[in-house]
1. Has the stretch A:32-52 got at least one residue that is among the basic types (Lys, Arg) and either out of contact with any His (no Cβ under 8 Å at 6 or more places or on another chain) or at pLDDT below 95 (or both)?
2. Only one of (1) touching a residue at least 24 places away in the same chain (Cβ under 8 Å); (2) within 27 Å of B:Lys158 (Cβ to Cβ); (3) of a type outside the set (Val, Ile, Thr) is not met by B:Ser407, so which one is it?
3. Considering only helices (runs of 4 or more DSSP H) fully contained in the stretch B:201-320, which possess at least 1 residues that are touching a residue at least 60 places away in the same chain (Cβ under 8 Å), of a type outside the set (A, V, I, L, M) and more than 30 Å from B:Leu127 (Cβ to Cβ)?
4. What single numbered condition from (1) over 30 Å from B:Pro419 (Cα atoms); (2) of a type outside the set (Asp, Glu); (3) surrounded by fewer than 18 Cβ atoms within 10 Å (Cβ to Cβ) fails to hold for B:Ser223?
5. How many residues does the stretch A:175-200 hold that are surrounded by 13 or more Cβ atoms within 10 Å (Cβ to Cβ) and in a loop (DSSP other than H, G, I, E, B)?
6. For the list (1) part of a loop (DSSP other than H, G, I, E, B); (2) of a type in the set (Phe, Trp, Tyr); (3) under 40 Å from the mean Cα position of the chain (by Cα), I need the number of the one condition that B:Tyr470 fails.
7. I'm told A:Ala46 meets every condition in (1) facing chain B (nearest Cβ under 8 Å); (2) surrounded by fewer than 20 Cβ atoms within 10 Å (Cβ to Cβ); (3) closer than 30 Å to A:Thr267 by Cβ except one. Can you identify the failing condition by its number?
Amino acid sequence: MQVKVAIGTIALMLTMVILGYSVLREPTRLEHFAAAELGRSIETGANLYNNNCANCHGVDGKSEECYDSASGELIGCQGLPLNYQPLLCGDATDRMIAMNWQGTKQAFIQSTIASGRPGTVMPTWSDQFGGPMRPDQIRNLANFVLNWESEELCSGPVITFDWAENVEDFLAAFPDGDGANGKALFVTYGCSGCHGVPDEGVAAAVGPDLSAIAETGATRVEGQTAEQYVYHSILLPNDFIAPECPNGPCAGPPSAMPANFSLRMATNPQDMSDILAYLFGN
Amino acid sequence: MATFFDQVKEMGFKQAFVAKSDEAVERLTAGMNISDIRSALRGDEPRRPNPRLRPHADGFWLHIRPSFYHNEITRVYPTFHLGWLSTFMFVWETITGIFLMIFYTPSPLIAYSNMWNILSNVPLGQLMRNMHRLGAEVMVLVVALHMLRTFVTGSYKKPRQFTWVTGMLLLVLTLMLSFSGYLLPWDQLSYWALTVFLSGAESAPAPPVINQNILLILQGGPSLGAGGLLRWYLLHVLLMPLLLGIFFFVHYYKVVLHGFSLPPGREEIGEDSAKRVPKNERTYFIPDILTSEVMWTALLSLFLVAGALWFWDAPLEHHADPVVTPLHVVAPWYLSWSQGWLKLAPKTLVIGFIPALLVAFIVMPYFEIGKSRRYADRRVGLSIAMLFIAFMMVSNWMGTPRFRVQSSPDMEVATKLLPQEGVSPILGIPPDYLWEGEYLPGQVVDGNPHLTYGLEVFAQQMVRHSCTNYPGTTIGGSVLDDCEENDHRMPDPYATMTITQVQNGLMGIDINISALDPENPDNYLYSLNWPSFRHVDSNYEEECTFINKRC
């Protein structure tokens, strides 16, 4: 019996020592697990982003490289950039201020994903509002988007461009457009995905046909030349919906045409000049 | 009676304090004072009248315990202390379970984040959860072994048939308790295990109206959701423990009533002498049995605490998702046999057979009425038991995905390396060693043993699931088998693994596998892009250190 008492006592003391050890390492362990929870949430968010968001916001969140989810072809990005300074940098970011948002950045992003952006092609994603995602999925997605915030992104200058009202004023400020480069840009900006390639006879698939835009453009809005009309429509596609698309009357407003070209071309406004040169054959 | 102050006046503080402590201890133990306890621990003969019998007569806790046992049953054989250890496991699960209850809400909206809160925000939360989950597995094992022991020593025979009946009910309740706890984390593992269970309940051999209503009651609505989670939570924390507690007392009362059965060879055939223990063959509960029980309790606690800290980690998969079915849905090991049976026979037959088997077990002692408990006289019964155990083990193996449910070979390779749930040799690579680039299976990366190991496993998996039409082709140094007719393996595949940086701290790991159709070389027979992500903080490498999650 004495042996049993000894074994039992030793076992109990060892148990206590192990428990004491686990208490001591607890603060570090909790930190690890808090980081692991966020890390795994970001991983799950990355998968959700790839499957649901990348075809409008781009594979790297910059709204530059978007692929059609069915065919895998390069298409124009419809969404706003997310890997983007005015959305992510600082506690109260530019977009939050523009929306007069009083809550946190996390809440801003979650709420935008959950309820969508009325008047644009961004749908509601939360199952509370008829979308497909549960609250935990929206949280994972928001964590993934927030993870784009980095020193590299936030230390760079904010690039904006003040677009002139009139196309003449705009063109006067830049060298003459290069039509050949404009044709290349017409593809990389994703325009050709919907409008085809006018001078090669590749027909428009979704958007209005642009092969005779120099003539038809002038008839669309009273008081606007064809060039002014195209310039205005690239920057603000919702202001006028063209009457004829390949699949019947064009839908909208909101227009199916992405509204983010004023942002995307801000880094190099010469692109606009080149694309106009391509379309109008100057 | 003199008050403490009177005593202090009379004999001084020290003397009075000793006397008062002695009195307090005697009251707490219902009859043993300090010197009685010390003499018991020293192993001295008790004084007369024996104070060590008084806690049984006057105390609450010991009044249901016998005051002495037969010498023959106090050793490890024949009981292996499994009954006591089962009882202890129930207490252990209750204590750790109450701790976890404090941090848990049974709602699909937050149950899963509660689990992460327990892991990342509750001091000792992970240890408590691991101890509870490991304890559940150990409890199932201990209770099952207890039943096996009772069968082998023939202790279910007359007059102990009803003890066996209550024991069988306790076994079923233990399994149900363990399984009902399975659902509560609301992760993919829970959700799909319960979904399989419920689809079984739905196909029981009964009229549809009964099956559908049982299903409705069990899942709390037309589909498994908030209602179902609440119901299974209440089953787990309220109904099952209550029933188990009730049957435990019936069971133990019957054990004491009939006495502990002696080893089979110890008594005449047909005789039951458990209740007549000669004076010279008695072992008293205090101190011998009590110290023995405390020792086993301490040893099992040590095993559970150390196991939960270093060796065994409770799984937690992704959030439950009704629209994403995992590649392999696996039952817990103690129910894996039923999954094996489902692969052999129609569902309705299997689901009908299980309760029938259970009833057969319960009523067995009333039909198996051979008088002798000796092993030599029970050759048929013991052989049947051995065959049954072997059958259950094979069934358990058949319940695993290795038997008959392999999916396409490219998916098998991809999910082995980058599984939808849990860890793997690739996910276990420490983040510092996830170097960007494109790699081939079996490639050796200089200065990077972790990545090299991952690619070696990649090669092994590719070899296992591939064949070749050009004899002698190798992957990672191993020669591929030649393709046969109707081969389900990939013919001469090409596979790569690409590691890219996606975001700060987030790596993308893609596996690409393709194989051309030998009959029609313009077509891909297999073409898979399997993307996955790994965050530097996700801590998979630490998860890999537990022996139940090896990478």
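The values are calculated or read from the model by the stated rules, or taken from the named source; none is laboratory data. From a predicted model like this one, the values you see are computed outputs, not experimental measurements. Glycine also receives a Cβ, built like all others from the backbone with ideal geometry; neighbour counts cover every protein chain displayed.
1. In the first step, residues of the stretch A:32-52 are kept if they are among the basic types (Lys, Arg); the result is A:40.
Okay, now just the ones that are also either out of contact with any His (no Cβ under 8 Å at 6 or more places or on another chain) or at pLDDT below 95 (or both), so none.
No.
2. Result: B:Ser407 fails condition (2) only.
3. The helices (runs of 4 or more DSSP H) meeting that bar are B:240-258.
4. (1)
5. 5
6. (3)
7. Result: A:Ala46 passes all but (2).
To keep it simple, each residue is scored yes or no on (1) within 30 Å of A:Ile138 (Cα to Cα); (2) in contact with a Phe, Trp or Tyr (Cβ under 7 Å, 6 or more places away or on another chain).
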| position | (1), (2) |
| --- | --- |
| B:Lys279 | no, no |
| B:Phe285 | no, yes |
| B:Met295 | no, no |
| B:Ala314 | yes, no |
| B:Val323 | yes, no |
| B:Ile354 | no, no |
| B:Val380 | no, no |
